Amino acid sequence: MTLATPTLHTARLRLRPFADDDAGHLFALHGNPRVMRYWDSPPWSEPARAERFLATCRKMADDGTGARLAINRASDGAFVGWCTLTAWNAEYRSASLGYCLDEAMWGHGFATEAAHALLEWGFRTLDLNRVQAEVDTRNPASARVLEKLGFRREGTLREDCVVNGEVSDSWVFGLLRREWRSPAAPDAARREQL
């Protein structure tokens, strides 16, 4: 089953399917050691990795297992990074959330904004009941993004990654449909109070 990769808009961002000309941006993003510090793989050293990443995005859509979206700033089209829902299981109504942002875009709330839009699409379009995310325990900024979105920390995967000989733990976060705060909910509540 094919899953159409959506184009989503927020106040400051445009989330869209990847294009072949995104390869350079992807290589710069994943080649940055600071961006990749808490990932389960080392920084990219060969441009061909970006081509394989793009092929994986297309395969994910073709197989119906998820959606990975490029993020651009709406004001000037600058490449911000990407956001994804992977491992979509229609029977269990579950998926995994991930995101990766350019270092220059950190600290502006873009990860939260992009992930919120993708989650809203996932809960509405894919009828998700549960979304899971994992974060390296040394990355509190990413954990805060998830907490702002309503995720709850559910446990720790001890020594689950070894990258370049460095062992690390991961926190597992979960968000259930009944805990999701849709952006329409506060407006509806406010209208009811008037």
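The values are calculated or read from the model by the stated rules, or taken from the named source; none is laboratory data. Note that the coordinates shown come from a computational prediction; the quantities given were computed from them, not determined experimentally. Methodologically, a virtual Cβ is constructed for each residue, glycine included, from the backbone with ideal geometry; neighbour enumeration extends over all protein chains shown.
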**OP:** Could you please find all residues in segment 134-156 being more than 22 Å from LEU119 (Cβ to Cβ) and without any contact (Cβ under 8 Å) to a residue 60 or more places away in the chain?
**Re:** THR137, THR156
Original post:
All but one of (1) out of contact with any helix residue (DSSP H, G or I) (no Cβ under 8 Å at 6 or more places or on another chain); (2) modelled with pLDDT of 95 or more; (3) within 19 Å of PHE18 (Cα to Cα); (4) not polar (S, T, N, Q) hold for GLY155; which doesn't?
Top reply: (3)
Original post:
With (1) surrounded by fewer than 18 Cβ atoms within 10 Å (Cβ to Cβ); (2) assigned to a helix (DSSP H, G or I) as the list, and ASP40 as the residue in question, which single condition is left unmet?
Top reply: (2)
Original post:
Is there any pair with a first residue in segment 27-48 that is on the phi > 0 side of the Ramachandran plot and of a type outside the set (Lys, Arg) and a second that is outside any helix (DSSP H, G or I) and at pLDDT below 95 whose Cβ atoms are under 7 Å apart and which are 6 or more apart or on different chains, and what are they?
Top reply: none
Subject >> Pairs, first within 16 Å of LEU3 (Cβ to Cβ) and of a type outside the set (Lys, Arg) in segment 81-106, second modelled with pLDDT of 95 or more and part of a loop (DSSP other than H, G, I, E, B), C-beta under 7 Å, six or more apart >> reply: SER94/LEU128; SER94/ASN129; ALA95/LEU128
**OP:** Go through the residues of segment 119-126 one by one and say whether even a single one is hydroxyl-bearing (Ser, Thr, Tyr), touching a residue at least 60 places away in the same chain (Cβ under 8 Å) and under 17 Å from VAL35 (Cβ atoms).
**Re:** no
Original post:
Applying the selection to segment 80-106, what residues are touching a Leu at 6+ places or on another chain (Cβ under 8 Å) and more than 26 Å from ARG130 (Cβ to Cβ)?
Top reply: VAL80, ASP102
Original post:
Which members of segment 158-192 meet the condition of being modelled with pLDDT under 95, under 21 Å from SER94 (Cα atoms) and surrounded by 14 or more Cβ atoms within 10 Å (Cβ to Cβ)?
Top reply: TRP180
